[in-house]
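Working notes, beginning with the structure itself.
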Amino acid sequence: QVSVLYFARSVELAGLRCETLSVPRQITSLQLWEEIVKVHPRLAVIRDQVVFAVRQEYVLIGDQLLVLQPGDEVAIIPPISGG
């Protein structure tokens, strides 16, 4: 189980700021994104703009293999517009 934290637009799309999800211990970042989108299909619209932060390190969605530990934090970070 990992803690998934949502930021910016992902909060609006998911309807919450954080949750705990059960995912495989070894998973690619793309597979992890797909698992999250299964739970929150509305997140699919930001697929091409989002990055993860896994244990506070940025990870692009793709083929990178992640080895997750129970309790790891996965942050969903869409682009943040400023002004």
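Quick check for you: with a 1.4 Å probe and neighbouring chains kept, what is the accessible area per residue of the chain, in Å²? Please list the in-between numbers first.
Numbers: 5060 Å² over 83 residues.
Per residue, the chain has an accessible area of 61 Å².
Return the label of the correct value of semi-axes √(5λ) of the Cα gyration tensor in Å, as calculated from the structure shown, out of (i) 21, 13, 9; (ii) 19, 13, 12; (iii) 20, 17, 12.
(ii)
As I understand it, the value is the acute angle between the Cα axis of helix 29-39 and the longest principal axis of the Cα atoms of the chain; what does it come to in degrees, rounded to 10?
Long axis of 29-39 versus the principal axis of the chain: about 70 degrees.
Using label points projected 7 Å from each Cα along Cα→Cβ, tell me how many nm separate residue 73 and residue 25, to one decimal.
Once both label points are built, they end up 2.3 nm from each other.
When DSSP assigns beta bridges and you keep just the ones with both residues in region 1-80, what percent turn out antiparallel, to the nearest 5?
That works out to approximately 80 percent antiparallel.
The values are calculated or read from the model by the stated rules, or taken from the named source; none is laboratory data. This one's a predicted model, so the numbers in the text were calculated from it and none came from an experiment. Cβ sites come from the backbone with ideal geometry, for glycine too, and all protein chains shown count toward neighbours. These accessible areas exclude ligands, DNA and RNA; they are computed on the full protein's heavy atoms, side chains included. Shrake-Rupley method; radii C 1.70, N 1.55, O 1.52, S 1.80 Å.
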